[in-house]
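Notes follow once the structure below has been shown.
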Amino acid sequence: MKKQTLVNHPPDVSPPPGNVPVTAPIYQSVKFEFESIDETLRMLRGDAPGYFYMRASNPTTRQLELTLAQLQGRDDCLASASGVNSIAQTLLSLTKQGDHVLFFIETYGPTRNIIRRLLARFGVENTMLSIEDLAGVEAVLASRPTRLVFFESPTNPVTKVADVEKLVALAHRHGALAVIDNTFAGFHQHGEYEIDLYVHSLTKYASGTGDVMGGAVIGRRELIDEMRPDFAVLGAHLDPHAAFLIQRGLKTYFVRYSAQTANARKIAEFLEAHPAVSRCHYPGLPSHPHAALARKQMKEPGTVVSFDLRDGSEAARKFSEALKLFALTASLGSTESLVMPPQLVGSRDFTPEQARQSGLTPSTVRLSIGLEDVGDLIADIDQALG
Ligand SMILES: Cc1ncc(COP(=O)(O)O)c(C=O)c1O
């Protein structure tokens, strides 16, 4: 073998049988081969296990998918390159021209955009209500066949809590699928409800470190199998290196979520008592309008705290820029604290009535609470409010 050949066929260093790595290696390979065409065809027909081409599957990404399915308490999962990609692919896979989708004002902006702009281009109709309008949900579902109900809980950014049990029961009574964006609640919550599909941004709590993107949809086997061919041809399979980083992040998921929630609770209590704050939105506060629902549905109320300042949007701008420990940027769920001022949180696609129903005000600030010392975070908030 010439050296030019050798560099393309390097020595095999697979550990001998019985000698296994404690952490699974990163299978950074686009292609996988079998010894024969027949074995390859058996695998491609689904008659034998294996891998062929990374756009369809890869062992490192598969390990993450199987872990996430178990965490959420469902059969299977498809991972992809970002949270919005998982949302877009799920919606594209499940709908066709003439279908109707019910969703909510209190939904992540790009998801609203996917439903109202992208799906509408393919003839999928939609209705947008407030997540608090269960009577409206019932009326819409009774009035027309609906393919799916897409919702979040707690909602972004004012942390409204959806009545998951009632929403799912209404969807199923009228033959619609119930799909939740469970990013805020996390993989350890809402599993006991009859939700058909859970989508997640893995960019948030799963990795925890804010240095990698990913998304996932989790559900029962036949729904995931139905979507799998579309996911493969739409081509946003999660790269194995990103999958490895997210898998590594999951090792500390539970302790991070709990510790960040404990910090968030203390910060919410501090904000609620502060004279500059007119209202604090945190599902763990007894004053939250959906506190009882949150206690019933959630083991932990999460790490996002929003609040309104008495002095309006300019005060909110000054506050956000005066913070020293909170990065002024998007995202949530990582170990460092973040702030989103109202100038960046606001939505341009609402009518005035929808804007009112959203619960957002010109001074709503969203905080994502990290793992820093909570005394330091409160001192920073205090000086910025001052
Ligand atoms: C509730 C929710 N869903 C989905 C996403 C999208 O995730 P990604 O940024 O991984 O595409 C976000 C991002 O902020 C989010 O907050």
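What follows draws every value from the coordinates through simple rules; no lab data is involved. Note that this is a predicted model, so its numbers are computed, not measured. We place every Cβ from the backbone using ideal geometry, glycine too, and count neighbours over all the protein chains shown.
The criterion of at least 3 residues that are more than 16 Å from the ligand (Cβ to nearest atom) is met, among strands (runs of 3 or more DSSP E) falling completely within region 293-375, by 304-309. Within region 132-154, the residues that satisfy the criterion of being part of a loop (DSSP other than H, G, I, E, B) and surrounded by fewer than 16 Cβ atoms within 10 Å (Cβ to Cβ) are Asp133, Arg144, Pro145. Scanning region 119-131 for residues that are surrounded by 14 or more Cβ atoms within 10 Å (Cβ to Cβ) and free of Cβ contacts under 8 Å to residues at least 60 places away in the same chain yields a total of 7. Being away from the ligand (no atom under 11 Å from the Cβ), within 30 Å of Glu336 (Cα to Cα) and within 18 Å of the chain's Cα centre (by Cα) is a property that Gly191 has.
What about Ile105, is it closer than 25 Å to Ser368 by Cα, within 12 Å of the ligand (Cβ to nearest atom) and surrounded by 23 or more Cβ atoms within 10 Å (Cβ to Cβ)? When the stated conditions are applied, Ile105 does not pass them. The single condition among (1) crowded, with 18+ Cβ neighbours inside 10 Å; (2) within 24 Å of Ser358 (Cβ to Cβ); (3) within 11 Å of the ligand (Cβ to nearest atom); (4) not acidic (Asp, Glu) that Leu91 does not meet is (3).
Please indicate, with yes or no, whether at least one residue in region 22-35 is away from the ligand (no atom under 15 Å from the Cβ), aromatic (Phe, Trp, Tyr), touching a residue at least 24 places away in the same chain (Cβ under 8 Å) and touching a helix residue (DSSP H, G or I) at 6+ places or on another chain (Cβ under 8 Å). Yes, that holds for at least one residue. Scoring Ser201 on the criteria (1) surrounded by 24 or more Cβ atoms within 10 Å (Cβ to Cβ); (2) at positive phi leaves a single failure, condition (2).
Residues in region 205-220 that are touching a residue at least 60 places away in the same chain (Cβ under 8 Å), assigned to a loop (DSSP other than H, G, I, E, B) and either surrounded by fewer than 24 Cβ atoms within 10 Å (Cβ to Cβ) or more than 8 Å from the ligand (Cβ to nearest atom) (or both): Tyr205, Ala206, Ser207, Gly208, Thr209, Gly210, Met213, Arg220.
A count restricted to region 225-254 and to residues that are within 17 Å of the chain's Cα centre (by Cα), under 18 Å from Gln72 (Cβ atoms) and in contact (Cβ under 8 Å) with a residue 60 or more places away in the chain stands at 7.
Taken over region 240-290, the criterion of being crowded, with 18+ Cβ neighbours inside 10 Å and of a type in the set (A, V, I, L, M) is satisfied by Ala242, Ala243, Leu245, Ile246, Leu250, Ala264, Ile267, Ala268, Leu271, Val277, Leu285. Looking across region 169-186, not a single residue is over 16 Å from Arg220 (Cβ atoms), under 18 Å from the mean Cα position of the chain (by Cα) and away from the ligand (no atom under 12 Å from the Cβ).
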